[in-house]
Amino acid sequence: MLIRRADDLRSSDTTPESLYLNRRDFLAAAGLLGAGLVAGFAPRDAGAMQEPQAVGKPFGLQPDDKPTPWKDVTGYNNFYEFGTGKEDPAEYAKGFVPRPWTVQVDGLVAKSGQYQLEDFLKPSAVEDRIYRHRCVEAWSMVIPWRGIPLADVLKRAQPSSQAKFVEFTTLYDPKRMPGQRSGVLPWPYVEGLRLDEAMHPLTLLATGVYGRDLPNQNGAPLRLVVPWKYGFKGIKSIVRIRLVDKQPRNTWNEANPQEYGFYSNVNPEVDHPRWSQAKERRIGEFLRRPTLMFNGYKDQVASLYAGMDLRKNF
Ligand code: MTE
């Protein structure tokens, strides 16, 4: 994130591609979002039919939002465990094997335990949801995630009354994650949420994208998605979820506290020290579009921050 900005995109990063949505999703999108969005889901050519389909219920999308092509969702990533370039994760995470996978849920809970990935994937709990995705670097995407509400997992663990925050930790295994052999960030990557943010129904533990298991570069096999926050809150390849009473560390804040806060709510009124956050470049588009407060999820989440100074708590 310290390295490249949206302005640095090469043209190969931004070539738009048409998408295929199946009829059910097409109609769902039409019903929920109106004619403007449907126009964005125009019919496509035979080649595009090979692409995975963008399945899911749209959440908080604007009329001109359409899913970012698979090629960009899976080819333009931040995952420093596999390199600092946007195309590095797709290249260097190829050989990573995210199975078997154990997630420890512990800390201030009545029922701590080790979960196998399969425990997170009970078919009844899994949902497909299309969310906006805004990176602190001022680029954005629209991503069809598959996952389960984090609240489901937390409730099963039964947080105690002392639990106020949730801490997440990425796998630490420099043999399998070559970027961890460098000092580019303090390892392992850690993130945190306040408990009410973690329990919010929009907060997802994602296990897939475009109806498929998460590709390695997107954080296989399990990553966090908090759509009203900058993308760096979306910690990848999680092995531990710990309930705690104090605000946890978070990696980017630790690396550069002047530039990256704990809350990291998308806020067009609070600039990053080195660039404006008022606009964003949607991957695949040329012109910048205005950034929306809480990334367009204001109605759902603003009450979480009532009375807080969002310039101080950035
Ligand atoms: N998680 C880990 N473990 N390591 C990382 O480098 N990068 C973060 C976040 N999660 C990162 C991470 C950043 S800066 C962003 S913008 C998102 O992942 C990118 O998610 P995406 O590649 O699926 O778009």
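Values quoted throughout were computed directly from the atomic coordinates according to the rules given, and no laboratory measurement underlies them. Just so we're clear, the structure is a prediction, and the values are computed from it rather than from any experiment. Please note: Cβ atoms are built from the backbone with ideal geometry, for glycine as well, and neighbour counts cover all protein chains shown.
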(request) Report the full-extension gain for the segment Lys122 to Arg249: residue separation times 0.36 nm, less the Cα-Cα distance, to one decimal in nm. (result) 42.7 nm
(request) Compute the separation of the alpha-carbon centres of segment 205-242 and segment 135-182 and state it in Å as a whole number. (result) 6
(request) Report, ordered by chain and residue number, the lysines lying within cross-link reach of Lys246, taken as a straight Cα distance under 17 Å and ignoring same-chain residues fewer than 8 apart. (result) Lys164
(request) Could you calculate the contour length gain from Val97 to Asp152, that is, 0.36 nm times the residue separation minus the distance between their Cα atoms, to one decimal place in nm? (result) 17.2 nm
(request) Go through Lys57/Lys279; Lys122/Lys155; Lys66/Lys94; Lys66/Lys233; Lys111/Lys155 and tell me which ones have a Cα-Cα distance over 18 Å in this structure. (result) Lys57/Lys279; Lys66/Lys94; Lys66/Lys233
(request) If a/c stays under 1.5 just call it rounded; otherwise compare a/b with b/c (prolate if a/b is bigger, oblate if not). Do that for segment 211-311, with a ≥ b ≥ c from the square roots of the Cα gyration tensor eigenvalues. (result) oblate
(request) Determine, for Tyr92, Tyr172, Tyr131, the number of other Cβ atoms within 10 Å of each Cβ, and report the residues in order from fewest to most. (result) Tyr172, Tyr92, Tyr131
(message) Along the Cα→Cβ direction, 7 angstrom out, place labels at Leu287 and Arg181. What is the inter-label distance in nm?
(response) 4.7
